[in-house]
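Student: Handing you a structure now.
The values are calculated or read from the model by the stated rules, or taken from the named source; none is laboratory data. Because the structure is predicted, anything quoted here is derived from the model rather than measured. Here the Cβ positions follow ideal geometry from the backbone for every residue, glycine too, while neighbour counts run over all protein chains shown. Surface areas here come from the heavy atoms of the whole protein model, side chains and all, with no ligands, DNA or RNA. Shrake-Rupley method; radii C 1.70, N 1.55, O 1.52, S 1.80 Å.
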Amino acid sequence: MKCLNVFLFLLFYTSAFCLESDSLKSKFHIGFHGGIAQTLSFTGDLYMGIPITKKAKRKELNFGYLHLRSQTDFDGIDDLSYSSHGLFGEWNYFANSQVFLGARISVLGNWVDEASQDKYDEERTRKPPTYFSSWAAFGHIGYN
Amino acid sequence: MSEKLFFRGKLEIGANNYHIGNEALYFSNFDPVRTETYVEEKYTTLLFNLSVGLFVKL
């Protein structure tokens, strides 16, 4: 429900920008991505960035916020779920007018789900993991 | 569709790198029995994301 509220807010927010009339002068873009991860969970990004055109080649420099969910093993317990929130910087290179390749680097805070903490608690006498930080590198291919 | 809006699809592959451990010893709810042994492990987890985006030119 919380994710739905955020999605609706962003949809309204971006739609409000669409009412502006000077789109051809744009030097900046904002947006959001929503999708699924391999755990069939929601993943989402908030973007801000600038297009860079040099020698007829288009590139982009973006930064923003990202959210994802994933799972980890720990101390012999498999598939502990966690939610990640972080910041990223991203570089995209357009192979042609529509297809782009890119790389992203991000720093993340990761919070272990309470259900996974309980799962660990039932198996081990040690206190369950609750939080850990991480860094992540991504490569991607996209269609504009 | 407005000229200011554009959609984007993306397939992303990544690696999340971290150390994960039991709840830190310095937390206020320190329990000497349950924290007498502390495990920390290093992982790299692969991530695969498929997503669509909506962008606005400003």
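Student: Return a yes/no flag: does the stretch A:126-134 have any residue that is open to solvent by 80 Å² or more (accessible area, probe 1.4 Å), more than 26 Å from B:VAL52 (Cα to Cα) and modelled with pLDDT of 90 or more.
Tutor: yes
Listed here are the residues, each with its yes/no results for (1) within 16 Å of the chain's Cα centre (by Cα); (2) more than 7 Å from chain B (Cβ to nearest Cβ); (3) modelled with pLDDT of 85 or more.
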{"residue": "A:PHE32", "(1), (2), (3)": "yes, no, yes"}
{"residue": "A:GLY49", "(1), (2), (3)": "yes, yes, yes"}
{"residue": "A:ALA56", "(1), (2), (3)": "no, yes, no"}
{"residue": "A:LEU66", "(1), (2), (3)": "yes, yes, yes"}
{"residue": "A:ARG69", "(1), (2), (3)": "yes, yes, yes"}
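Student: In addition: Could you list all residues from the stretch A:35-78 that are surrounded by fewer than 16 Cβ atoms within 10 Å (Cβ to Cβ), part of a strand (DSSP E or B) and hydroxyl-bearing (Ser, Thr, Tyr)?
Tutor: A:THR53, A:TYR65
Student: If I filter the stretch A:84-92 for residues that are surrounded by 14 or more Cβ atoms within 10 Å (Cβ to Cβ) and either closer than 17 Å to B:THR45 by Cα or facing chain B (nearest Cβ under 8 Å) (or both), do I get at least one hit?
Tutor: Yes, the stretch A:84-92 contains a residue that is surrounded by 14 or more Cβ atoms within 10 Å (Cβ to Cβ) and either closer than 17 Å to B:THR45 by Cα or facing chain B (nearest Cβ under 8 Å) (or both).
Student: Now a separate question. Residues to consider are A:SER116, A:SER81, A:SER106; find the one that is closer than 30 Å to B:VAL39 by Cβ, open to solvent by less than 40 Å² (accessible area, probe 1.4 Å) and outside any strand (DSSP E or B). Full working, then the answer.
Tutor: Numbers: A:SER81 fails: outside any strand (DSSP E or B); A:SER106 fails: outside any strand (DSSP E or B).
Unique residue meeting the criteria: A:SER116.
Student: Let me ask something additional. Among the numbered criteria (1) touching a Leu at 6+ places or on another chain (Cβ under 7 Å); (2) more than 17 Å from A:PHE138 (Cβ to Cβ); (3) among the polar types (S, T, N, Q), which one does A:THR53 miss?
Tutor: (1)
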